[in-house]
Amino acid sequence: MVPQRIIKGTAVAPGLAIGPVHVVRAALNSVPTWTVAEDQLGRERMRLLEAIDQADEELRRRHRLVSQQSGDKEAEIFSFHRHMLADPGLRQRAEATIRDERINAEAAVEQLIMGLMAKVSGLEGDNVRSYASDFADPWRLVLDMLMSHEREGLVGTGEKVVLAAAELTPQVATFLERERIAGIITETGGRFSHGAVLARSFGIPCVVGLPNLLSRLEQGMRVSVDGDRGSVQLKPEAADVDQFLARVERRRAREKALAVHAGLPSVTTDGQAFGVLANIESMRDFDTFDVAHTDGVGLLRTEFLYMERNQFPSEEEQYRMYRRALEQLGGRWMTLRTLDIGNDKQLPYFKMPKESNPALGWRGLRISLQWPDLMRVQLRAAMRASTHGNLRLLLPMVTSLEEIREVHRVFDDVRRQLLEQGYEVKPDIPVGIMLEVPSSVLALESLIQEVDFVSVGTNDLVQYLLAADRDNPRVARLYDPLHPGVLAALEHVARVARAAGKPASVCGEMAGDYAIALMLLGMGYHSVSVAPNFLNEIRYAVRRTSCAEAQEIAKQARQQSRCEDVRKVLAGLRERLHERQLDSNLNTLQASGGSESDFGASSKNRENA
Ligand code: PEP
Ligand code: MG
């Protein structure tokens, strides 16, 4: 092993992957930069020249169009732009940057543009400046050409790739179809960000917090990603690859063994049923797990259905999707969360105002209530689909009783309208609320009277309780779901829900850790809803634990006053489960051998959950 080729980071989504790297831009409007291998410099220069030709062709088209519609004078600017593009000095400068700095064409063109703009900024007078900025415009078009072909060039290669980016955002996690992504590695990104949520839900091994990653990568460089332990190896040697592939094999065997038991009911050794449901983001997620291994879908994040499109999905489109989901679940719960956009979940076709504090701003139910027409389309689609299975509706970011009442009014109105129009709607569709805002936890006694169930969204609740942004790596240390204050809030919810006779669930990421899931069971929760790749492990853990033991764990965890001590309590539980597994009749797991046969291969990392 070559130590300097191993970069340590934070494990975000478990699993092991190996493949060529593809660097993507981390956010819309940002330009990716990567190092180009010596033997790829010619190819990179060709990419630049092709993009210049395409930009020139586009300018020619625009010239033709404008001169036909408005006249030659108005079209003159495009001739000027073409002239700029043909300037041999500028072309040579871009080519030299690729060659001398060994960087990609996009980055070289960006440098050129910045150089041109820097000259402009020194000039006096608006007119001079705007004229001078025309020098840069045609090169922006070249940049557009390079960026828009980024994906096409890659898809042609056929092999699964490891996506690398500066930041883990939902755009990065959905840059390619899931089947094409082997792993994701980034320089920054919170473990509980939506990018991380997606990686986990897609079952894509992911590591973040890798210092100076991009400057150490070359496009196409082979890397191995360890999403269990949180590290990345650059250019692994043949022996490393063999070792890594052996681990992949052991991991696969362990997953297979867990799957054998996953169809059994999720019931503790002393007979307490505990629901283990799936969090999903799209219809494609149904291909990644067996619905027989779940008690249903505990969270359908419908905003991702919206985010994948370039316009709002119609009622009919949504109806078909929801109906298909309900049919696939065959009578199991399908918990549809109404549109939860805002903050880092943006729709490309719906411009949101820029906010200085978007996590505390216009998001979730707040948008739905201000734009009820948007919610009505979704509700119509969901209610029409309701006769095809067991639908529940879940409201995100609820803060007050008034909001719940307002939503009930819209629900009743939509239902009445549908019935009048001759549609069938299932009576008594349960309505629940997400508990993500501290005030709704504290006011739960009254809120719960007006809903049928509650689901704690710990990803957001933790950030609001601890005043630590879930997306900000600088405060990632403070964002600790095992903080005693968080556990107090969780226990309070379970107690109030039990007293009200309403089921309570946790659908935030922390519930994907089997030891935490057992602690929640001990606190009195009815179920958890987790990324599909954690389902089998949690069901297995539930079947090997008694309710009394889970209650004892919850009690001990609550008695601790430091996160670190809570972690020790959970580590003790993991240890016991591990020993029990070795005594058990789960010989398949033992037989799979190696350290991955441990109950919860990633338990070390999860201690950092
Ligand atoms: C949560 O906040 O815990 C949650 C499940 O919602 P999301 O992660 O989509 O914000
Ligand atoms: Mg949330």
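Gyration tensor analysis over the Cα atoms of segment 379-492 returns equivalent ellipsoid semi-axes of 34, 14, 12 Å (largest first, whole Å).
With each label modelled as a point 7 angstrom along the Cα→C-beta vector, the Thr387-Asp290 pair spans 3.3 nm.
With R₀ fixed at 35 Å, the C-beta to C-beta distance from Asp270 to Gln328 puts the FRET efficiency at about 0.60. For segment 40-148, the relative contact order is 35 percent, taking Cα pairs closer than 8 Å that sit 6 or more residues apart in sequence and dividing their mean separation by the residue count. Considering helices alone, the calculated mean residue ellipticity of the chain at 222 nm is -15000 deg cm²/dmol, with DSSP H runs of length four and up weighted by -39500 (n - 2.57) and normalised per residue.
In this structure, Asn472 and Gln370 have a Cβ-Cβ separation that, at R0 = 30 Å, corresponds to a calculated FRET efficiency of about 0.65. This model, with +1 at the C-beta of Lys and Arg and -1 at the C-beta of Asp and Glu, gives the chain a dipole about its Cα centre of some 920 debye. Packing-based ranking of 262-269, 468-475, 85-92 yields 468-475, 262-269, 85-92, ordered from highest to lowest mean Cβ neighbour count within 10 Å. Antiparallel beta bridges, as assigned by DSSP with both residues in the chain, represent about 30 percent of the total such bridges.
Residues in segment 543-549 carry Karplus couplings, in order, of 5, 10, 10, 8, 4, 4, 5 Hz; the curve used is 6.51 cos²θ - 1.76 cosθ + 1.60 with θ = phi - 60°, and Gly or Pro positions show x. The calculated P(r) of the chain, using every Cα pair and 10 Å bins from 0, goes 3, 15, 24, 24, 17, 11, 5, 1, 0 in percent. Our estimate of slack between Arg252 and His492, defined as 0.36 nm per intervening residue step minus the Cα-Cα distance, is 82.5 nm.
Annotation note: GluC sites (Glu not before Pro) in segment 167-201 located in DSSP loop regions with a Cβ neighbour count of at most 10 within 10 Å are Glu177.
Decide, for segment 276-533, between rounded, prolate and oblate: order the square roots of the alpha carbon gyration tensor eigenvalues as a ≥ b ≥ c, take rounded if a/c falls under 1.5, and otherwise choose prolate if a/b is larger than b/c, else oblate. The shape class here is rounded. Sorting 558-566, 107-115 by average packing, meaning the other beta carbons within 10 Å per residue, from highest down gives 107-115, 558-566.
Spacing of the modelled spin labels on Arg61 and Glu575, each 7 Å from Cα toward Cβ, amounts to 6.7 nm. What is the calculated FRET efficiency for Arg222 to Arg140, with r their C-beta to C-beta distance and R₀ = 30 Å, to the nearest 0.05? Here the calculated transfer efficiency is 0.35. Along the axis of the charge dipole computed for the chain (Cβ charges of +1 for Lys and Arg, -1 for Asp and Glu, origin at the Cα centre), the listed residues Val493, Ala548, Phe286 are led at the positive end by Ala548.
Maximal additional length on extending the Asp428-Ala239 stretch stands at 62.0 nm, based on 0.36 nm per residue less the C-alpha distance. Extension gain for Ala443-Arg409 works out to 10.1 nm (0.36 nm per residue, less the C-alpha to C-alpha distance). Across the chain, the mean sequence separation of Cα contacts (distance under 8 Å, 6 or more residues apart), normalised by length, yields a relative contact order of 15 percent. Spacing of the modelled spin labels on Ser79 and Ala118, each 7 Å from Cα toward Cβ, amounts to 3.3 nm. The shape of segment 40-148 comes out oblate: with a ≥ b ≥ c from the C-alpha gyration tensor, a/c is at least 1.5 while a/b does not beat b/c. Taking the chain as the region of interest, the number of lysine pairs whose Cα atoms are within less than 17 Å, with members eight or more places apart or on different chains, is 6.
Throughout, read-outs are computed from the coordinates displayed, never taken from laboratory work. Predicted model only: the values in this text are computed from it and were never measured. Glycine gets a Cβ as well: all are built from the backbone with ideal geometry, and neighbour counts include every protein chain shown.
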